[in-house]
Amino acid sequence: MKALILSGGKGTRLRPLTYTGAKQLVPVANKPILWYGIESIVAAGITDIGIIISPETGEEIEVQTGNGQLFGAKITYIVQDHPLGLAHAVKVAQPFLGDSPFIMYLGDNLIQDSLNSFLEEFKSKQLDSLILLRSVSNPTAFGVAKVDEKGRVLELVEKPKVPPSNLALVGVYFFSPTIHKAIASIQPSARGELEITDAIQELIDTQKTVEALKLEGWWLDTGKKDDLLEANRIILDTNLKISKGGDIDDKSQISGRVHIEKSSKIINSTIRGPVIIGQNCHIENCFIGPYTSIGDNGTLIDADIEHSVILEGAKILQIHQRIVDSLIGRRAKLEMAPQRPKALRFMVGDDSHIELV
């Protein structure tokens, strides 16, 4: 059994952060999103992993993620020159996959459920495909499955105006080698891509065994800022390990579930968990509220922040208003200008979103 993780794409919904980095490396609770998927796959006993990368961000993903040794796996990187669809990614990866069954995992997804029971179901029934589904309130925004009472998939519809169910396709799929023949039989969609939903529908139409199981826990697509903040909140709520390391002075108050790396310094500050603070951070005269992640080498002085993700090397200096629901990029700097009269001055990149209250 092998695994194929898709980690290409341009991450347009997370711009401007993704102009300078891969969306799958944006951290949730100070860990790249991509790594959660790798860890979940390895925990299910699959250690031969291929990662689909794009020419634009592939090198960064390779440098940060490495050859798999960090996870107890072997990682092979596979370049998809153009983003021509999920089924196209499988086609590009066919030399790596060979005749092995495999799990395909979208690298910007997070799921709570263990993969073990799904893998066992796929193997024991010798299925051609097993897809994972999750009930959603807005099925018109997703690929949706029509399933019979035995769990057999009857039909897949991409973003239907009249959904046949509220069961959306999660970005995790199990396939036998029969998927390669199905992909070879389909044509590009109206948007010019080889759709994995079309390939699965081809399996159904040719009487192959395609079944579905529902996720019991949460499923998060981290493609947008608010989704990423929600993922950060849930991971901090469920996975955070308490570690009050670092240099914490007597004037500081730490309460709740807080993880502080040993090399960070906390001066005259209040921190209320769940909060994670990375290495070599300097926190002084601050209030750090719940559901905040601060990456390595961050500097916060005279700042008040909560429910936010602060990436590596960012600086927030003497901001005298509370910062909430924010995503601050690597090496970004927020500070109050000393000039009078008071005025707002910006240098704002493409696709940015700024709210002033």
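The values are calculated or read from the model by the stated rules, or taken from the named source; none is laboratory data. Just so it is clear, the structure is predicted and the values come from calculations on it, not from any experiment. Backbone-built Cβ (ideal geometry, glycine too); neighbour counts: all protein chains shown. The protein model used for the area step is the full one, side chains on, heavy atoms only, and it has no ligands, DNA or RNA in it. Shrake-Rupley method; radii C 1.70, N 1.55, O 1.52, S 1.80 Å.
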Segment 128-198: radius of gyration over Cα atoms, expressed as a fraction of 2.2 N^0.38 Å | 1.12
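Efficiency by 1/(1 + (r/R0)^6): what FRET value for D325 and T76, r their Cβ-Cβ distance, R0 = 41 Å, to the nearest 0.05? Show your work: numbers first, answer last.
On the way: r = 38 Å, r/R0 = 0.94.
Efficiency, rounded to the nearest 0.05: 0.60.
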Alpha-carbon Debye profile of the chain, log10 I(q)/I(0) at 0.07, 0.09, 0.11, 0.12 Å⁻¹ = -0.34, -0.55, -0.79, -0.91
Degrees separating the helix 33-43 axis from the principal Cα axis of the chain, which is the longest one = 50 degrees
Sparse-neighbourhood loop hits (trypsin sites (Lys or Arg not before Pro), segment 281-340; DSSP loop; Cβ within 10 Å at most 13 others) -> R322, R331
Any chance you could list P(r) for segment 154-308, counting all Cα-Cα pairs in 5 angstrom bins from zero, rounded to whole %?
-> 2, 8, 14, 15, 11, 8, 6, 7, 8, 9, 7, 4, 2, 0
Report, in deg cm²/dmol and to the nearest 500, the calculated mean residue ellipticity at 222 nm for the chain, where each DSSP H run with n ≥ 4 adds -39500 (n - 2.57) and the sum is divided by the residue count.
-> -5500 deg cm²/dmol
Inter-label distance for I242 and A184, nm, one decimal - labels placed 7 Å from Cα along Cα-to-Cβ | 5.8 nm
Accessible area of segment 98-255 belonging to carbon and sulfur atoms, whole % at 1.4 Å probe = 46 percent
Degrees, to the nearest 10: 225-239 long Cα axis against longest axis of the chain = 90 degrees
Rg and Dmax of segment 47-159, using alpha carbons, in Å: what are they?
-> 16.2, 46
Entries of K31/K161; K23/K125; K150/K208; K123/K146; K146/K181; K2/K161 with Cα pairs more than 27 Å apart = K31/K161; K23/K125; K2/K161
Loop trypsin sites (Lys or Arg not before Pro), segment 117-187, which have at most 10 other Cβ atoms in a 10 Å radius of their Cβ (DSSP) = K150, K161
Computed for segment 222-324: size of charge dipole around the Cα centre, +1 on C-beta of each Lys and Arg, -1 on C-beta of each Asp and Glu, debye to nearest 20, value 160 debye
By the Cα gyration tensor axes a ≥ b ≥ c (a/c under 1.5 gives rounded; else a/b larger than b/c gives prolate, otherwise oblate), the shape of segment 89-224 is rounded
Using +1 on the beta carbon of Lys and Arg, -1 on that of Asp and Glu, and nothing else charged, what's the dipole of the chain about the Cα centre, debye to 20?
-> 560 debye
What percent antiparallel are the DSSP beta bridges of the chain, to the nearest 5?
-> 30 percent
First check a/c for segment 177-252, with a ≥ b ≥ c the square roots of the eigenvalues of its C-alpha gyration tensor; if it is under 1.5, answer rounded, and if not, answer prolate when a/b is larger than b/c or oblate otherwise.
-> prolate
Points 7 angstrom from Cα along the Cβ direction at K333 and K159: gap in nanometres?
-> 4.1 nm
For segment 239-301, count the residues as N, evaluate 2.2 N^0.38 Å, and divide the Cα radius of gyration by that value, please.
-> 0.93
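Which whole-number value in Å² is the accessible area per residue of the chain, probe 1.4 Å?
Per residue, the chain has 49 Å² of solvent-accessible surface.
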